[in-house]
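To keep things clear, I will list the structure first and then write my remarks on it.
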Amino acid sequence: MRDATATRIVLAARPTGAPTPDDFRVETFQIPTPRNGQVLLRNRWLSLDPYMRGRMNAGRSYAAPVEIGEVMDGGTISEVVESLHPAWSPGDLVLAHAGWQTHAVVDGETLRRKLDPAGLPAQTALGVHGMPGFTAYAGLHEIGKPQHGETVVVAAASGPVGATVGQIAKLHGARAVGIAGGPDKVAHVRDALGFDVALDHRADDFAEQLAAACPDGIDVYFENVGGKVFDAVLPLLNDFARIPVCGLVAHYNETAPPAGPDRVPQLMGLILSRHLTVRGFIQRDFIALYPEFVREMGQWLRDGRVRYREDVVEGLENAPGAFIGMLAGKNFGKLLVNMSP
Ligand SMILES: NC(=O)c1ccc[n+]([C@@H]2O[C@H](COP(=O)([O-])OP(=O)(O)OC[C@H]3O[C@@H](n4cnc5c(N)ncnc54)[C@H](OP(=O)(O)O)[C@@H]3O)[C@@H](O)[C@H]2O)c1
């Protein structure tokens, strides 16, 4: 028999600075009946991602904000319970964008892809074999363009984007330097993921350590964080270095620009004199590469050439706390909420 009620987490208030548990509200609701073209989903896994912090703010960005009282936005692995759409059948496991809730009725056209229950673990379609992995793949290939022997630097290196950037860079014969927060993450990046060097951005002498780790300078800086890491990278950039600007997680909770002198002229001067390519991107800019990514990354994962780590939280009610922690670096690997009964 089909469930009658479901649970969801809505945006209760817009945060000022770091989000708090009071910015979220847990609600129960009656599960709607799907109409023609729609499917009823039971969500099994929810992805928690840094971009969700931006969705909590009002105002213009590359995507519309979540309104107060609306369900928080998010990617899911979901099971089709009922289908009034010809492409989907009950029992199908699908990649969806059904948000922070246990059930959802969505338009069948919005489902991204069907997952093979006998293939890779389904939840990898939210991490290394999904949006974050694709972000790394597309940003590195289309903007970073690492060449054999070049040095590629990336922070948040134990997370799904950074971990994948470094490992793909190695597959291209580049040197990978990973930056992470704390000794456990650093050891994982170096020993389990196979980066050439891993450094702790919290170390007092981090800038000196980075300079020592990059004796030939930096050719590709895959920008995930900004802040102090960017400051340390800047003087080490080589002529014609490429900087895919993917994310700035160190700044997502800021409410005002940092204090200090205006450094824009210095930055523009470096972009000019060092012939830098600085390009911001959102992964879907490169959506034409997605089928190639799914195929190639699937093979790398099956061959063990790309590895990944997951940080799994049990139960939807624990999503807000885990999300708040992620913005402070408390997650260790791709952050997922398991909503299976
Ligand atoms: N452009 C796009 O289309 C796109 C798509 C997906 C993701 N992104 C961006 O890619 C980046 C990584 O995403 P992800 O999903 O892989 O996240 P993640 O690594 O799982 O989580 C974020 C990590 O950021 C690090 N961090 C937080 N504050 C920091 C600070 N002040 N300095 C240095 N590091 C800090 C923490 O790791 P440590 O403890 O190791 O510092 C934290 O674990 C984010 O900026 C995200 O917004 C962009």
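Quick notes
- Of the trypsin sites (Lys or Arg not before Pro) found in the range 1-84, those in coil by DSSP whose Cβ has at most 11 other Cβ atoms within 10 Å are R2, R35, R60.
- Anisotropy class of the range 1-150 from Cα gyration tensor, a/c 1.5 cut: oblate
- Calculated FRET value between K330 and D205, using beta carbons and R₀ = 25 Å, to 0.05: 0.55
- Helix 290-303 vs. the chain, principal-axis angle (Cα, 0 to 90°, nearest 10): 80
- Accessible area per residue, Å², the range 93-136 with all protein chains present, probe 1.4 Å: 35
- Distance from the Cα centroid of the range 261-312 to that of the range 54-98 is 24 Å (rounded to whole angstrom).
- Efficiency of FRET from Cβ geometry, E317 and L171, R₀ 51 Å, rounded to 0.05: 0.80
- Estimated FRET transfer efficiency when R0 is 30 angstrom, pair D303-L248 (beta carbons, to 0.05): 0.35
- Alpha-carbon Rg/Rh ratio, for the range 131-284, with Rh computed the Kirkwood way: 0.94
- Measuring against 21 Å, Cα to Cα, the residue pairs K185/K334; K185/K330; K114/K330; K185/K228 contain K114/K330 as the ones spanning a longer distance.
- Here's the picture: charge each Lys and Arg Cβ at +1 and each Asp and Glu Cβ at -1 in the chain, and of F206, M56, G139 the one pushed furthest to the positive end of that dipole is G139.
- Within the accessible surface of the range 131-284, defined with a 1.4 Å probe on protein heavy atoms only, the carbon and sulfur portion equals 57 percent.
- The trypsin sites (Lys or Arg not before Pro) of the range 83-180 meeting both criteria, a DSSP state outside H, G, I, E and B (loop) and at most 16 other C-beta atoms within 10 angstrom of the site's C-beta, are R112.
- Rg to Rh quotient for the chain, alpha carbon positions, Kirkwood Rh: 0.98
- For a modelled paramagnetic label at A64, 7 Å from Cα along Cα-to-Cβ, the residues of the range 36-57 in reach, with backbone nitrogen under 15 Å, are 55-57.
- Approximate spin-label separation H275-D107, in nm, with each point projected 7 Å along Cα-to-Cβ: 4.7
The values are calculated or read from the model by the stated rules, or taken from the named source; none is laboratory data. Everything numeric here is computed off the predicted structure, so don't read it as measured data. Here Cβ is always computed from backbone atoms with ideal geometry, including for glycine, and neighbour counts include all displayed protein chains. Keep in mind that these areas ignore ligands, DNA and RNA; they rest on the heavy atoms of the full protein, side chains included. Shrake-Rupley method; radii C 1.70, N 1.55, O 1.52, S 1.80 Å.
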